[in-house]
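Asker: Have a look at this one before I ask anything.
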Amino acid sequence: MKIVFIGCVKFSEMALKQVLQCSEAEVIGVITKKFSSYNADFSSLEGIAKEKNIPCLLIDKQPEVQMEDWIKDKNPDVVYCFGWSNLLPQEVLNIPRLGVIGYHPTPLPKNRGRHPIIWTIALGLTSTASTFFFMDEGADSGDIISQEFLSVEDSDDAGKLYSKLSNIAAIQILQFTRELSQSSYKRLPQDDSKANYWRKRTKQDGEIDWRMSARSIHNLVKALARPYVGAHCLYQGQEIKIWKTEIVLEQDDFSHLEPGKVLKVETSSLYVKCGEGIIRILDHEFTNLPEEGCYF
């Protein structure tokens, strides 16, 4: 089975390496980027393509025009598109006889749309799913070919959940690639009545507002942990990255104190009053720690 592979993030790199291990699969082309200004987990697949002697198309501008002719020339049976921020036009989706397979780490049809790992953790959800589907002109709306559910633990930050999803997806890729090659796969249509769409996040969404509860701030910090850009707060006119926190108290006896007050400073950490509760900042980019009693 001949495959053209599209992707440009760390997940794409894992998935491509997994596909290359499938005896049923022949990767005849790779489409990727040389750099990205907006994918925090960016990873070009050019190096793997060169190492394996696979033709590689580096996308710059007008990706749809470049892709269509290039993929037509390769004439693949299927296209795998894992870790690509642009929707593919119908002209591209129509090229492979088996279709184009995409990936979304949520329990589709729920939670379609942007930044799925970040929203999952920021909203405090306790479960999610690793979902592969046949792409159509909509966003994450095509028939499902493989879906595995998993729990989201309180100890999971973005990096840990990213890794858990990747490990599950690696197994799924081997399975549905085999099924596609043997024509034994199944398509499960999504129920659009159960769908919702997560919006695109902005830089402002990553700014800590100390009027938020300790739980909400803790979830936000976990959601934007590496490989993402990090949550941030403002201090003395500067943007300070916050990478790790812990909740000291969700409810407290300090309701008479204003949110954002620094209650205690230790060697490399500090305790801050929130709208509800107290949070301890453990990993941060303060050059000099704020003093006890000061405010954010």
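Asker: Chymotrypsin sites (Phe, Trp or Tyr not before Pro), restricted to segment 188-224: which are DSSP loop and have at most 14 other Cβ atoms within 10 Å? Spell out each step's value before the answer.
Answerer: Working: sites: Tyr197, Trp198, Trp210; in loops: Trp210.
Loop-located and lightly packed - none at all.
Asker: Right, here's the next one. Any chance you could give the angle, 0 to 90 degrees and rounded to 10, that helix 158-181 forms with the longest Cα principal axis of the chain?
Answerer: Compared with the principal axis, the helix lies near 10 degrees.
Asker: Hand me the chymotrypsin sites (Phe, Trp or Tyr not before Pro) from segment 6-52 located in a DSSP loop with no more than 12 other Cβ atoms within 10 Å, in residue order please.
Answerer: Numbers: sites: Phe11, Phe35, Tyr38, Phe42; in loops: Phe35, Tyr38.
Taking segment 6-52 and a limit of 12 other Cβ atoms within 10 Å, the loop chymotrypsin sites (Phe, Trp or Tyr not before Pro) found are Phe35, Tyr38.
Asker: When only Cα pairs under 8 Å and 6 or more residues apart are kept, what is the percent relative contact order across the chain?
Answerer: On the way: 625 pairs, mean separation 41.4, N = 296.
Once normalised by length, the contact order is 14 percent.
Asker: Would you mind telling me the share, in percent, of accessible area of segment 168-263 contributed by carbon and sulfur at probe 1.4 angstrom?
Answerer: On the way: 2760 of 5620 Å².
Carbon plus sulfur share of accessible area: 49 percent.
Asker: At 1.002 mPa s and 20 °C, plugging the Kirkwood radius over alpha-carbon pairs of the chain into Stokes-Einstein gives what diffusion coefficient in µm²/s? Can you show the working numbers first?
Answerer: Working: Rh = 20.8 Å.
Rounded to a whole number, D works out at 103 µm²/s.
Asker: How high is the relative contact order of segment 144-221, in percent, counting Cα pairs under 8 Å that sit 6 or more residues apart?
Answerer: Working: 20 pairs, mean separation 26.2, N = 78.
Relative contact order here is 34 percent.
Asker: Quick check: pseudo-label points 7 Å beyond the Cα along Cα→Cβ at Glu24 and Ser163, how many nm apart are they?
Answerer: Placing both labels 7 Å beyond Cα along the Cβ direction yields 3.0 nm.
Asker: Something else: What accessible area per residue, rounded to a whole number of Å², is obtained for the chain using a probe radius of 1.4 Å?
Answerer: Working: 14480 Å² over 296 residues.
Ligands and nucleic acids excluded, the figure is 49 Å² per residue.
Asker: Return the sequence-ordered ³J(HN,Hα) values of segment 205-212 in whole Hz as given by the Karplus equation 6.51 cos²θ - 1.76 cosθ + 1.60 applied to θ = phi - 60°, using x for Gly and Pro.
Answerer: For segment 205-212, the Karplus curve yields 5, x, 8, 6, 9, 5, 7, 5 Hz.
Asker: How do the peptides 173-183, 156-166, 282-292 rank, highest first, by the average count of neighbouring beta carbon atoms within 10 Å per residue? Kindly include the intermediate steps, with their values, before the conclusion.
Answerer: On the way: 173-183: 17.1, 156-166: 19.4, 282-292: 13.4.
Going by the mean number of other Cβ atoms within 10 Å, highest first, we get 156-166, 173-183, 282-292.
Asker: On C-alpha positions alone, give me the angle between the axis of helix 10-19 and the longest principal axis of the chain, in degrees, nearest 10.
Answerer: For 10-19 against the chain, the angle is about 30 degrees.
Asker: Further question on the same structure: Cross-chain or 8 or more residues apart, Cα under 15 Å: how many lysine pairs in segment 150-296 fit that? Count them up, please. Working shown, then result.
Answerer: Working: Lys160/Lys222; Lys160/Lys244; Lys164/Lys222; Lys203/Lys241; Lys222/Lys241; Lys222/Lys244; Lys261/Lys273; Lys264/Lys273.
Close lysine pairs under the 15 Å cut-off: 8.
Asker: If you take every DSSP beta bridge fully contained in segment 49-150, what fraction is antiparallel? Give it as a percent rounded to 5. It would help to have the intermediate numbers written out before the result.
Answerer: On the way: 10 of 13 bridges.
Taking every DSSP beta bridge within segment 49-150, about 75 percent pair in antiparallel fashion.
Asker: What does the charge count around Ile208 come to, taking other residues whose C-beta lies under 11 Å from its C-beta (Lys +1, Arg +1, Asp -1, Glu -1)?
Answerer: Details: positive: Arg211, Lys241; negative: Asp205, Glu207, Asp209, Glu239.
Residues close to Ile208 contribute a combined charge of -2.
Asker: Quick one: compute the contact order of segment 220-296, relative version, from alpha carbon pairs under 8 angstrom and 6+ residues apart, as a percent. Walk me through the intermediate numbers first.
Answerer: Values: 149 pairs, mean separation 22.7, N = 77.
Over segment 220-296, the number comes to 29 percent.
Asker: Also, I was wondering about something else. To test your reading of the geometry: what angle, between 0 and 90 degrees and rounded to tens, separates the Cα axis of helix 214-223 from the longest principal axis of the chain?
Answerer: The helix 214-223 is inclined about 30 degrees to the chain.
Asker: Nearest 500 deg cm²/dmol is fine: what mean residue ellipticity at 222 nm does the chain get from its DSSP H runs of n ≥ 4 alone, each adding -39,500 (n - 2.57), divided by its residue count? If you can, show how the numbers build up before the last one.
Answerer: Values: 7 runs with 73 residues, N = 296.
Here the helix-only value at 222 nm equals -7500 deg cm²/dmol.
Asker: Same structure again: Summing Lys, Arg as +1 and Asp, Glu as -1, what charge do residues with Cβ under 12 Å from the Cβ of Pro109 carry, Pro109 excluded?
Answerer: Working: positive: Lys110, Arg112, Lys194; negative: Asp140, Asp143, Asp191, Asp192.
Net charge around Pro109: -1.
The values are calculated or read from the model by the stated rules, or taken from the named source; none is laboratory data. Worth saying up front: this structure is predicted, and the values here are computed from it rather than measured. Because the Cβ atoms are built from the backbone with ideal geometry, glycine has one as well, and the counts that use them run over all protein chains shown. Accessible surface areas use protein heavy atoms only, side chains included; no ligands, DNA or RNA. Shrake-Rupley method; radii C 1.70, N 1.55, O 1.52, S 1.80 Å.
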